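First up is the structure itself, then whatever we jot down about it.
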Amino acid sequence: MTKNTIAICPGSFDPVTIGHIDIIQRASAMFDKLIVVVADNPAKNCSFSPKERVELIKKSIPHLNNVEVDRYDGLLAEYAAKKNAGAIIKGLRAMSDFEYEFQMALTNKKLNPKVETLFLTTAAENMYLSSSMVKQIAGMGGDISSFVPAAIHQDIVERLLKNK
Ligand code: PNS
């Protein structure tokens, strides 16, 4: 890792949850600048467009002055190099996340040896939380207010109901 204090926090964020926000907030305290990168991969069937996902994240973190939100449709390792970022931050929930994350970390290291992947452990109360769970609950009319930031709760509910 080069000695700089720029990190990137990538993900699908479809949509962003309080679990993601917890990781973003903690990572923002560790680096001068944190760039949250929404993966703009058309092959992945996301419910929210990249633009919507970026807006939902921005609306959730007005208090984090050193965090930028961006989207990217290429390789993360290339994006890190372009932004001169020394670290990729990922949240780890259960062991079930580990194998996939480990594979991505090793691949990104191979593609860009200057970038280190750092894992932050998810807060215990968010261990079970995932975007797909949030979408499933909201789609069936359930209460997602404790899973997503209050500032975007209504946006997500309305958007998912419109989808039906
Ligand atoms: O929230 P997710 O879906 O687990 O995030 C996965 C993500 C976006 C981090 C991963 O798919 C990614 O890095 N995509 C960018 C394309 C890329 O660099 N692929 C090779 C990674 S090994």
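The values are calculated or read from the model by the stated rules, or taken from the named source; none is laboratory data. All figures in this text were calculated on a predicted structure; none of them were measured in a lab. Here Cβ is always computed from backbone atoms with ideal geometry, including for glycine, and neighbour counts include all displayed protein chains.
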Looking only at region 1-48, and only at residues there that are touching a Pro at 6+ places or on another chain (Cβ under 9 Å) and of a type in the set (Gly, Ala, Ser), the one that is farthest from residue 153 (Cα to Cα): 39
In region 102-126, the residues that are under 17 Å from residue 26 (Cβ atoms) and not aromatic (Phe, Trp, Tyr): 116, 117, 118, 120, 121, 122, 123, 124, 125, 126
Residue list for region 93-103, filter: surrounded by fewer than 15 Cβ atoms within 10 Å (Cβ to Cβ) and of a type outside the set (Asp, Glu): 94, 95, 96, 98, 100, 102, 103
Residue satisfying condition, being surrounded by fewer than 19 Cβ atoms within 10 Å (Cβ to Cβ) and farther than 14 Å from residue 88 by Cβ, within set 40, 14: 40
Entirely in region 31-124, the helices (runs of 4 or more DSSP H) that have 1 or more residues that are of a type in the set (Val, Ile, Thr) and modelled with pLDDT of 95 or more: 50-60, 98-111
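Could you grab me the full set of residues in region 138-156 that are modelled with pLDDT of 95 or more and assigned to a helix (DSSP H, G or I)?
Selection gives 150, 151, 152, 153, 154, 155, 156.
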Every pair of residues 6+ apart whose Cβ atoms lie under 6 Å, when the first sits in region 65-85 and is farther than 16 Å from residue 105 by Cα while the second is assigned to a helix (DSSP H, G or I): 66/28; 67/28; 69/54; 69/57; 69/58; 71/50; 71/54; 72/79
Flag for residue 123 being away from the ligand (no atom under 13 Å from the Cβ) and among the aliphatic types (A, V, I, L, M): yes
In region 43-56, the residues that are more than 11 Å from the ligand (Cβ to nearest atom) and surrounded by 22 or more Cβ atoms within 10 Å (Cβ to Cβ): 48, 56
Residue, surrounded by the most Cβ atoms within 10 Å (Cβ to Cβ), within region 120-149, restricted to residues that are in contact with a helix residue (DSSP H, G or I) (Cβ under 7 Å, 6 or more places away or on another chain) and within 24 Å of residue 77 (Cα to Cα): 122
Selection from region 1-56 of residues that are within 9 Å of the chain's Cα centre (by Cα) and of a type in the set (Phe, Trp, Tyr): 13
